[in-house]
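The values are calculated or read from the model by the stated rules, or taken from the named source; none is laboratory data. As the structure is a prediction and not an experimental result, all values here were calculated from the model. Ideal geometry is used to build each Cβ from the backbone, glycine not excepted, and the neighbour counts take in all protein chains shown. Accessible surface areas use protein heavy atoms only, side chains included; no ligands, DNA or RNA. Shrake-Rupley method; radii C 1.70, N 1.55, O 1.52, S 1.80 Å.
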Amino acid sequence: QVQLVESGGDLVQPGGSLRLSCAATGNIFSVNTMGWYRQAPGKQRELVATITSVHNIHYIDAVKGRFTISRDNSKNTVYLQMNNLKPEDTAVYYCNADVWPGDDGPLTEYWGQGTQVTVSS
């Protein structure tokens, strides 16, 4: 079994910074694309950023220039550095990963439990 364990969510003032982390643990052979999604109250979950195993990166326009996604393949961990946070960034942030398990099973998508980011003065 594979788990994605997130950390780093918090309450921060506008203009502040946070760093989210997500570690994939368990029966893992390798991890393909990893990413961050977010869901604000009353809204659908949306993609924030993705990073492939060879570090090809995609951001949505709303976070370009403010957020930086990165990963450490040796630790199966993905990070999201969030700078110049705005109230509209308030949401539950979810980690996502496509994992090849260690038992020759199929490529499988996993989700973290979510971590709350609140941007407010």
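Quick notes on this one:
Rundown of residues vs (1) at pLDDT 95 or above; (2) within 20 Å of SER120 (Cα to Cα); (3) not aromatic (Phe, Trp, Tyr), yes/no style:
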| residue | (1), (2), (3) |
| --- | --- |
| PRO41 | no, yes, yes |
| GLU46 | yes, no, yes |
| VAL63 | yes, yes, yes |
| ILE69 | yes, no, yes |
| ASN76 | yes, no, yes |
| ASN96 | yes, no, yes |
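- Test: residue in region 42-55 that is closer than 20 Å to GLY15 by Cβ, hydrophobic (A, V, I, L, M, F, W, C), open to solvent by 40 Å² or more (accessible area, probe 1.4 Å) and more than 12 Å from the chain's Cα centre (by Cα): no
- Taken over region 71-83, the residue count meeting the criterion of being out of contact with any His (no Cβ under 8 Å at 6 or more places or on another chain) and surrounded by 14 or more Cβ atoms within 10 Å (Cβ to Cβ) is 8.
Every residue, every condition in (1) touching a residue at least 60 places away in the same chain (Cβ under 8 Å); (2) at positive phi, yes or no:
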{"residue": "GLY16", "(1), (2)": "yes, no"}
{"residue": "HIS55", "(1), (2)": "no, yes"}
{"residue": "ARG66", "(1), (2)": "no, no"}
{"residue": "MET82", "(1), (2)": "yes, no"}
{"residue": "LEU85", "(1), (2)": "yes, no"}
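- Within region 50-66, considering residues that are among the small types (Gly, Ala, Ser) and part of a loop (DSSP other than H, G, I, E, B), the one farthest from TYR93 (Cα to Cα): SER53
- For region 1-27, the tally of residues that are open to solvent by 40 Å² or more (accessible area, probe 1.4 Å), of a type outside the set (Ser, Thr, Tyr) and out of contact with any helix residue (DSSP H, G or I) (no Cβ under 8 Å at 6 or more places or on another chain) stands at 10.
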